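Heads up: the structure comes next, in structure tokens.
The values are calculated or read from the model by the stated rules, or taken from the named source; none is laboratory data. Keep in mind that this is a model prediction, so the values were computed, not measured. As a convention, Cβ positions derive from the backbone with ideal geometry for all residues, glycine included, and neighbour counts pool all protein chains shown. The accessibility values were calculated without ligands, DNA or RNA, using every heavy atom of the protein model including side chains. Shrake-Rupley method; radii C 1.70, N 1.55, O 1.52, S 1.80 Å.
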Amino acid sequence: MLVDTHTHLYLDRFSNDRPDVIRRAVEAGVERFYLPNVDRRTIEPMLAMERDYPGRCFPMMGLHPCSVQAGFQEELALVREWLERRPFCAIGEIGLDFYWDLTFVEQQEEAFRTQVAWALEFDLPIVIHSRDSIDRNLQLLEELAAPGLRGIFHCFTGTLEQARRAIDLGFLLGIGGVLTFKNGGIDQVVPELPLEALVLETDAPYLAPVPYRGKRNESAYVRIVAEKLADLKGLSLEEVATATTANAEKLFGHTTFAGA
Ligand code: NI
């Protein structure tokens with residue numbers, strides 16, 4: 001069994017064929033979907049997926065760094081309200097994005113610190129977005145490190161040195177479609193990393209693996225990433241699936257709150 005630890009299946013890009021997308025994933029052996037939140041607009045569609053696919057879709061709660069703008073305190077207050085209201089499998093996705101816009105970098109850091117503190121308070125893992133900002137994210141985590149702080153560097157595309165720092169902090173690395181890109185670089189790093197530190201993801205609808213690069217990504221393609229990882233590590237697909245799924249389940253816990 002495979003799981004997709006990071007997929008935005010609730011977005012409009014899937015509104016015409018969501019049941020088919022889920023069916024294709026399950027047929028490919030991808031049986032669980034962990035849904036990172038973005039901001040106030042995505043909460044309802046995300047929770048609707050949990051209702052429609054109980055035991056398969058597990059929502060997270062958090063504020064995405066690209067949604068940290070003027071008025072972000074209100075967005076954070078809403079995240080806090082939801083965390084107090086019901087269980088979630090993680091706080092995510094949170095972190096820093098230095099790629100799209102540097103206007104709100106300070107606010108991004110403030111939102112990140114706040115949500116890391118909540119993760120410790122609620123004893124939840126965090127799912128980190130670190131586009132063009134891995135070093136700063138690592139620095140902040142080294143500063144905020146505390147017993148119980150754990151999570152995933154989602155869409156990890158860093159160097160071996162950065163990977164080791166993340167693993168030393170107790171974090172897992174989320175490996176997705178970039179592993180199949182010719183110029184992705186992460187295919188050079190992954191063979192050096194212990195399987196115990198890796199989980200699989202799509203980040204659907206973004207970052208589809210080869211041969212679908214540039215097209216809409218979907219959770220069934222986790223299998224393509226798993227096959228590539230097996231190939232790079234000289235393991236069977238079965239071994240990769242068993243290990244990465246166990247890593248994800250250990251992190252997210254046995255999420256028995258479906259339909260809550
Ligand atoms: Ni994402």
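One table, with the values for the structure above:
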read-out: Amide hydrogen neighbours beyond the local backbone of residue 204, cut-off 5 Å, H modeled; value: 8
read-out: Heavy-atom accessible area per residue - region 2-252, 1.4 Å, Å²; value: 42
read-out: In Å, descending, principal axis extents of the Cα set of the chain; value: 45, 41, 33
read-out: Protection proxy ranking, peptides 194-200, 88-94, average beta carbon neighbours within 10 Å, highest first; value: 88-94, 194-200
read-out: Paramagnetic label zone (point 7 Å from Cα along Cα-to-C-beta, residue 27; backbone N under 16 Å) in region 218-233; value: 218-224
read-out: Summed residue charge, Cβ within 11 Å of residue 2's Cβ, Lys/Arg positive, Asp/Glu negative; value: -3
read-out: Stokes-Einstein D (µm²/s) once Rh is taken as the Kirkwood radius of region 117-256 over alpha-carbon pairs, at 37 °C in 0.692 mPa s; value: 213
read-out: Kirkwood Rh in Å, taken over all unlike Cα pairs in region 1-72; value: 12.8
read-out: Carbon + sulfur, % of accessible area of the chain - ligands and nucleic acids excluded, 1.4 Å; value: 49
read-out: Long-range HN-HN contacts of residue 172 with modeled amide H, under 5 Å; value: 151, 152, 153
read-out: Sum of -39500 (n - 2.57) over DSSP H runs of 4+, divided by residues of the chain (222 nm, nearest 500); value: -12500 deg cm²/dmol
read-out: Derived scalar couplings ³J(HN,Hα) [region 207-220; Karplus, 6.51 cos²θ - 1.76 cosθ + 1.60; whole Hz; x for Gly, Pro]; value: 6, 4, x, 4, x, 9, 3, x, 8, 5, 8, 8, 5, 4
read-out: Solvent exposure, largest accessible area first (probe 1.4 Å, DNA, RNA and ligands not counted), of 20, 168; value: 168, 20
read-out: For region 223-230, Karplus couplings with θ = phi - 60° (6.51, -1.76, 1.60), whole Hz, Gly/Pro x; value: 4, 5, 5, 5, 5, 5, 5, 4
read-out: Global size of region 131-204 as Cα Rg and Dmax, reported in angstrom; value: 11.9, 38
